[in-house]
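The numbers here are math on the coordinates, done by the rules we state, and not lab data. On a predicted model such as this, the values are computed, not experimentally measured, just so you know. Here the Cβ positions follow ideal geometry from the backbone for every residue, glycine too, while neighbour counts run over all protein chains shown.
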Amino acid sequence: MNRLVIGEVLKPQGIRGELKVKTFTDFPEDVKAFGTVYIDDTPYKILSFRVGTDGAAYMGLRGIPDRNAAELFRGKKLEGDRDDAPALEEGQYYIVDIIGLSCETEEGEFLGVVKDVTNLSSDIYTIEKAGKNILFPAVNGVVVKVDLDDKKLIINKAKFDEMAVY
């Protein structure tokens, strides 16, 4: 995938076409680094960017001149080119790379496939096995290894059993 989902438009802000955006990055400011965002595969250059006291990003995009135009983007996802993304530190991954991984114990027991990651104080992973969802926090000790090459998420079974919600 060449693009990453980096946010979602919550609503228009003001009368000049600014958008209030919930970012899916660790730091809202990281979205500004993309320079151009894509909404429904259409590129929009970032003209203005600020982070509010509520943690949301407020963006002005070229081609969205007023509140009426901005209203059409409510609920839409923002994407950015992977090449424009800030470099990740060791042990950090893009959510899009985690979704779809096979979740297995260190002994090789298949637990399910990662279907979703929810950002809270710690990431909550949702895996699916046999049509049922299992949720668990990706806290220290539960996730042993992320192996993107083999498309596996290796889990400590004992800690997983303590925290998993079926």
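Mind checking which of Pro86, Pro28, Pro137 has the largest fluctuation in a GNM of the chain, springs on alpha carbons under 10 Å? Checking each option, the largest mean-square fluctuation is seen for Pro86.
If you run the Gaussian network model on the chain, springs between alpha carbon atoms under 10 Å, then out of Gly100, Gly63, Gly91 the most flexible one is Gly91.
Translational diffusion of the chain, estimated by Stokes-Einstein from the Kirkwood radius over alpha carbon pairs at 20 °C in a medium of 1.002 mPa s, is 123 µm² per second.
Which of rounded, prolate or oblate describes the range 53-117 when judged by the alpha-carbon gyration tensor and an a/c cut-off of 1.5? Could you put the intermediate results ahead of the total?
On the way: a/c = 3.22, a/b = 2.33, b/c = 1.38.
Judged from the Cα gyration tensor, the range 53-117 comes out prolate (a/c at least 1.5, a/b above b/c).
Find the percent of Cα-Cα distances in the range 84-166 that exceed 20 Å, and round it to a whole number. For the range 84-166, the fraction of Cα-Cα distances above 20 Å is 25 percent.
Take every Cα pair under 8 Å whose residues are at least 6 apart in sequence, average their separation, divide by the length of the range 11-121, and the relative contact order is 26 percent. Ordering Gly112, Tyr58, Val144 by Cα displacement along the dipole of the range 45-146 toward the positive end leaves Tyr58 in first place; charges were set at the Cβ atoms of Lys, Arg (+1) and Asp, Glu (-1). When both the range 1-64 and the range 98-166 are represented by their alpha-carbon centers, they are found 30 Å apart.
DSSP assigns beta bridges within the chain; of those with both partners inside it, close to 90 percent run antiparallel. Measuring between alpha carbons in the structure, the pairs from Lys77/Lys157; Lys22/Lys152; Lys11/Lys132; Lys45/Lys129; Lys76/Lys145; Lys22/Lys145 lying more than 31 angstrom apart are Lys77/Lys157; Lys11/Lys132; Lys45/Lys129; Lys76/Lys145.
Under 8 Å for C-alpha pairs, at least 6 residues apart: give me the relative contact order for the range 87-166, rounded to a whole percent.
Numbers: 139 pairs, mean separation 21.2, N = 80.
Relative contact order for the range 87-166 comes out at 26 percent.
When the Gaussian network model of the chain links Cα atoms closer than 10 Å, the mean-square fluctuations of Leu78, Leu47, Leu61 top out at Leu47.
With a cut-off of 14 Å between beta carbons, the residues surrounding Val9 carry a summed charge of +2, where Lys and Arg count +1 and Asp and Glu -1.
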